[in-house]
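The values are calculated or read from the model by the stated rules, or taken from the named source; none is laboratory data. On a predicted model such as this, the values are computed, not experimentally measured, just so you know. Positions of Cβ are generated from backbone atoms using ideal geometry, with glycine treated the same way; all protein chains shown enter the neighbour counts. Please note that ligands, DNA and RNA were not included when accessible areas were found on the heavy atoms of the full protein model with its side chains. Shrake-Rupley method; radii C 1.70, N 1.55, O 1.52, S 1.80 Å.
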Amino acid sequence: MVDFAKLKAMRGEQSLSALTAELEKINAKHEKKSDERFWTPTVDKAGNSLLMIAARFGRLEMVRQLIELKANIQHRNGFGDTPLMTAALGGNVEIARLLIDRGVPVNQPGWTALHYCAAAGKVDMCQLLLDKDADIDARAPNGTTPLMMAVREGHYDVVKLLVWEVADVNADGYPDIVAAGCAYTFRAGKLRLL
């Protein structure tokens, strides 16, 4: 079993190296006589799988290896997040493309990968998801749309993209954000008009 408490305490490349080492330990421990390896589900206390963590930190080769080992590409953690959502949050376009090409849906009820990358300001990821038919006006459980998330976080370039791609600027939902507010966004102390 992976010691996620120890991994969580590490940062950056250290934790990614530790993940790689843990994956090798799992492979060695579960190696079959025919030298085929198989997937052992391993998650942290929040339910994040190794695949989710590797996707978040942009470890493309590790993601490929985990998929080859039959990792659940549609696994959900305790918050309902998926590997695609963690890749979106990290802006890891190639990993997201790989997951989508393997059949992971870009749309789902509630929070979506598009919400996550819009909130994180990941323009290229937003464009990929929109190109793959992501619902531009998807509603989170609190009524928030990706456009509202981008406005709230002040990601002007994402707001511009979503408006250009015809997001509903008249939507309302989240108590203090109305999508019509995307006519402006506060960034770096300046009011910008679209």
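If you filter the stretch 116-165 down to residues that are within 17 Å of the chain's Cα centre (by Cα) and among the acidic types (Asp, Glu), you find that the one that is farthest from LEU98 (Cα to Cα) is GLU153.
The number of residues in the stretch 44-64 that are of a type outside the set (D, E, K, R) and either over 13 Å from PHE79 (Cα atoms) or touching a residue at least 60 places away in the same chain (Cβ under 8 Å) (or both) comes to 10.
Counting only residues that are among the β-branched types (Val, Ile, Thr) and outside any loop (DSSP other than H, G, I, E, B), which one in the stretch 126-168 is most open to solvent (accessible area, probe 1.4 Å)?
So the first thing to find is which residues in the stretch 126-168 are among the β-branched types (Val, Ile, Thr), and the list is 136, 144-145, 151, 158-159, 163, 166.
Filter once more, so that each one left must be outside any loop (DSSP other than H, G, I, E, B): 151, 158-159, 163.
Numbers: VAL151: 27, VAL158: 1, VAL159: 0, VAL163: 49 Å².
Looking at the filtered set, the residue picked out is VAL163.
Hey, could you check the stretch 45-93 for residues that are of a type in the set (Val, Ile, Thr) and assigned to a helix (DSSP H, G or I) and say which is least open to solvent (accessible area, probe 1.4 Å)?
Filtering the stretch 45-93 for residues of a type in the set (Val, Ile, Thr) gives 53, 63, 67, 73, 82, 86, 93.
Still in the list and also assigned to a helix (DSSP H, G or I): 53, 63, 67, 86, 93.
Working: ILE53: 31, VAL63: 0, ILE67: 17, THR86: 17, VAL93: 32 Å².
Selected residue: VAL63.
Just one of the numbered conditions (1) outside any loop (DSSP other than H, G, I, E, B); (2) surrounded by fewer than 19 Cβ atoms within 10 Å (Cβ to Cβ) is not true of ALA96: (2).
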